[in-house]
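Peer 1: Sharing a structure with you now.
The values are calculated or read from the model by the stated rules, or taken from the named source; none is laboratory data. Just so you know, these numbers come straight off a predicted model, no measurement behind them. Note: ideal-geometry Cβ built from the backbone for every residue, glycine included; neighbour counts use all protein chains shown. Note: areas computed on protein heavy atoms with side chains; ligands, DNA, RNA excluded. Shrake-Rupley method; radii C 1.70, N 1.55, O 1.52, S 1.80 Å.
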Amino acid sequence: MIWLNLDARIHAFFNYKIMDMSLKYRPDIDGLRAIAVLLVVFYHANFPISGGFIGVDVFFVISGFLITLIIDKEIRENNFSYAKFYFRRIKRLVPALFFMIALVSVYCSYYLLPDDLISFSKTSILSLLGVSNFYFYLHTNYFQSTAFEPLLHTWSLAVEEQYYILWPAMLALIYKSKKNNVKNSIFIIIFLASVLLSWYYVYQDKNMAYMMLPFRFFELMSGAIVAINYRTLSNSKFNSSASKIFGVILIMASALTLNDNSFFPGILVIPVVIGTCLVMLPSNDIVSNLLSKNIFVYIGKISYSLYLWHWPIITLAKYRGIELTTGNAIILIALSIVAAIVSYHLIENPFRKIKSLKLTFAAMYGLPVLFVVSFWQFISINDGFRYRVEGLISELDESNTAHVIRQNCMEKMRVGNYKECHLGILKDDIDGVLIGDSFGNAYTGFIDVLAKDAGIMINDTARSSTPSIPNIFVSSIIKPVSDETANSIIDYNNRRTDFAKKQKIVIISDFWGQYTEENPEYRVFNKDRVDISKSSFELRSKYIKSLVENGVKVYIIARPFSGIGEVEMAKLRDKKLHHANLESIQYGYGVPADDRIEYRLKKEIPAITIIDPNKILCHDNVCHASISGDLLYRKDGLHINYSSSEKLGLAYLKEFGNPFK
């Protein structure tokens, strides 16, 4: 994020005439910046500000405003230089960013697991190059990420840096026209195009709309429009105390009413944009006076460093298993503020005083990039220092996941390819089929052990978020699948559910409770894209009854107990590294067995045989997230890792015998 701290140097720089109007240092802008960064920090610290992420949007508008003030003046005076412009950007952005990355790299080198450390080393390069938003779009979800990414927040820096590449050139081209109506028309077209794109894509791919510049361009451009029309707007009826109070209300109402499930940005960001533009107009009113108070001004000055430091401090604390209780959150925020103060006074201010253009490009950008590239190469060559945890928590390696080990059988949407995708023994005649989602895929080690012991061959068919219901597909509300994808999923599901009717054995394993109307993130749709989540149980029951009527033996594998999540997994990982007794660590079973869909189906269709691995893991509603000394889950704390799945199968055979025999 670009935070132009308006200190004495900026005060002098901004003390010029724009459009015949003198613009002086505005402490209230720093105060507005303080509100923005505090909203983001409190949101990430799990304070009850469900839409605190809109602080980023406030920054976008402020940045568009301040940068355009500079560019507008220089273009009008025929004094604009790309070299000088990026010289200022590098001085303002890179030192504090590199300082944070360098110190966090030291910490991560000691405490991140190998795969996570390798990912961090990659993102350190992308963050300095201003393209990290592309990586995080492809590999994470800002609102639902299951990955610990200490540099995830740099996506917003990337958006702004990309804007700074495009906007000066666009503005220079537009200003070549002497006709105001032509220039205004171009501004309106660009602005509306970005708004409409954001509005459309937020329903198609929310993560893309959130992290990519084309869908955020209008926010930065809003601030730019205020800058270009500064004199006119300053003297307009919109510049009043009532308007500014209304602007604050728009910002705070959005922060308190929006949440992770909102279709944001899209048109939902418009109130934030309007509110910020209103508050930025200069006047001597109650809002400006309040924002000009010393405490707000100082927080605004350190806001860039505070933004840089708060996320890695919070996310790495969670990585170490520290829960975000109110007390812990306050401590982490305090640490972030201390780090921001150090960064602001020892890094930001001194480096801003450098005058040499060549030194800036070479020392302040070239050397940091060289450092992070070297860091990435060093980490990659050493495979994330995997040797340090070899044999201790190797079960958490990405290579020990079913979707990697059985990658040819997951997401490929093939049916009948039992020679390539089988569980149990390979023979001429197939005995049955597994119909599963990602949780079913995670259980393949367990099923393989039982199938081999029984001497049977099971065709493995699995696709994430795809239950055993014909004529349906499942889609994220935030990122709806395309019609083409929906049709291909329906076709695949129909092929495997029809194929199952011809088998002797059908094993069904998925995340049973996910496919109901109570899921806030996913819904079950029919071929006409009608939400049928409320009918999912009846549809499951109907299909299983059809299997039983065809003489098929149906087995249901109960999903693991409630799961423990990322933070608890981090705690378990740390305890195992310190040789703790994992069997002494207990968790609750979660939803009572009788209320689980698996057992409700068994009650309705007695012919079903339930295989419940929780009988090994849980006793008297107390469960263990380990087996034979190994951690049970993957790093997400929900899916079972492959080697533990196999161990669970062996333990089940020993304790209860083989249900397939």
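Peer 1: When you look at Val554, is it open to solvent by less than 10 Å² (accessible area, probe 1.4 Å) and either in contact with a strand residue (DSSP E or B) (Cβ under 7 Å, 6 or more places away or on another chain) or modelled with pLDDT of 95 or more (or both), yes or no?
Peer 2: Numbers: open to solvent by less than 10 Å² (accessible area, probe 1.4 Å): yes; either in contact with a strand residue (DSSP E or B) (Cβ under 7 Å, 6 or more places away or on another chain) or modelled with pLDDT of 95 or more (or both): yes.
Yes, satisfied.
Peer 1: Here's something else I'd like to know. Is there a residue in segment 67-76 that is within 19 Å of the chain's Cα centre (by Cα) and either open to solvent by 10 Å² or more (accessible area, probe 1.4 Å) or over 26 Å from Ser222 (Cβ atoms) (or both)?
Peer 2: No: segment 67-76 contains no residue that is within 19 Å of the chain's Cα centre (by Cα) and either open to solvent by 10 Å² or more (accessible area, probe 1.4 Å) or over 26 Å from Ser222 (Cβ atoms) (or both).
Peer 1: Shifting gears a bit: Name the helices (runs of 4 or more DSSP H) wholly inside segment 283-372 in which the number of residues that are under 31 Å from the mean Cα position of the chain (by Cα) and closer than 21 Å to Leu128 by Cα is 2 or more.
Peer 2: 303-319, 326-343
Peer 1: Let me ask something else. Check whether at least one residue in segment 388-399 is among the small types (Gly, Ala, Ser), modelled with pLDDT under 90 and not in a helix (DSSP H, G or I), and report yes or no.
Peer 2: Checked against the condition, which is being among the small types (Gly, Ala, Ser), modelled with pLDDT under 90 and not in a helix (DSSP H, G or I), segment 388-399 yields at least one hit.
Peer 1: Scanning segment 432-469 for residues that are modelled with pLDDT of 95 or more and in a loop (DSSP other than H, G, I, E, B), which turns out nearest to Gly551 (Cα to Cα)?
Peer 2: Only one residue fits best here, namely Ile456.
Peer 1: Report, by residue number, each residue of segment 383-403 that is open to solvent by 50 Å² or more (accessible area, probe 1.4 Å) and either farther than 24 Å from His579 by Cα or not acidic (Asp, Glu) (or both).
Peer 2: Answer for segment 383-403, where residues must be open to solvent by 50 Å² or more (accessible area, probe 1.4 Å) and either farther than 24 Å from His579 by Cα or not acidic (Asp, Glu) (or both): Tyr387, Arg388, Gly391, Leu392, Ser399, His403.
Peer 1: From Ser50, Ser63, which residue is part of a loop (DSSP other than H, G, I, E, B) and not aromatic (Phe, Trp, Tyr)?
Peer 2: The conditions single out Ser50.
Peer 1: Restricting attention to segment 477-501, and to residues there that are assigned to a helix (DSSP H, G or I) and among the hydrophobic types (A, V, I, L, M, F, W, C), which single residue is most open to solvent (accessible area, probe 1.4 Å)?
Peer 2: Applying the filter and picking the extreme gives Phe499.
Peer 1: Looking at segment 563-586 only, could you name the residues that are out of contact with any His (no Cβ under 9 Å at 6 or more places or on another chain), in a loop (DSSP other than H, G, I, E, B) and surrounded by fewer than 17 Cβ atoms within 10 Å (Cβ to Cβ)?
Peer 2: Listed by number, the residues that qualify are His578, His579, Ala580, Asn581.
Peer 1: Would you confirm whether any residue within segment 438-445 is out of contact with any strand residue (DSSP E or B) (no Cβ under 7 Å at 6 or more places or on another chain) and open to solvent by less than 10 Å² (accessible area, probe 1.4 Å)?
Peer 2: Checking segment 438-445: at least one residue is out of contact with any strand residue (DSSP E or B) (no Cβ under 7 Å at 6 or more places or on another chain) and open to solvent by less than 10 Å² (accessible area, probe 1.4 Å).
Peer 1: In segment 405-417, which residue that is free of Cβ contacts under 8 Å to residues at least 60 places away in the same chain and in a helix (DSSP H, G or I) is surrounded by the most Cβ atoms within 10 Å (Cβ to Cβ)?
Peer 2: Cys409
Peer 1: Could you tell me whether segment 278-298 includes any residue that is surrounded by fewer than 19 Cβ atoms within 10 Å (Cβ to Cβ) and under 30 Å from Phe120 (Cβ atoms)?
Peer 2: No - not one qualifying residue is present in segment 278-298.
Peer 1: Further, regarding this structure: May I ask you to say which residue of Ser343, Ser356 is more than 30 Å from Ile564 (Cα to Cα) and either in contact (Cβ under 8 Å) with a residue 24 or more places away in the chain or surrounded by 14 or more Cβ atoms within 10 Å (Cβ to Cβ) (or both)?
Peer 2: Exactly one of Ser343, Ser356 is more than 30 Å from Ile564 (Cα to Cα) and either in contact (Cβ under 8 Å) with a residue 24 or more places away in the chain or surrounded by 14 or more Cβ atoms within 10 Å (Cβ to Cβ) (or both), namely Ser343.
Peer 1: Tell me yes or no: at least one residue of segment 423-445 is in contact with a helix residue (DSSP H, G or I) (Cβ under 6 Å, 6 or more places away or on another chain), among the charged types (D, E, K, R) and touching a residue at least 12 places away in the same chain (Cβ under 8 Å).
Peer 2: No, segment 423-445 contains no residue that is in contact with a helix residue (DSSP H, G or I) (Cβ under 6 Å, 6 or more places away or on another chain), among the charged types (D, E, K, R) and touching a residue at least 12 places away in the same chain (Cβ under 8 Å).
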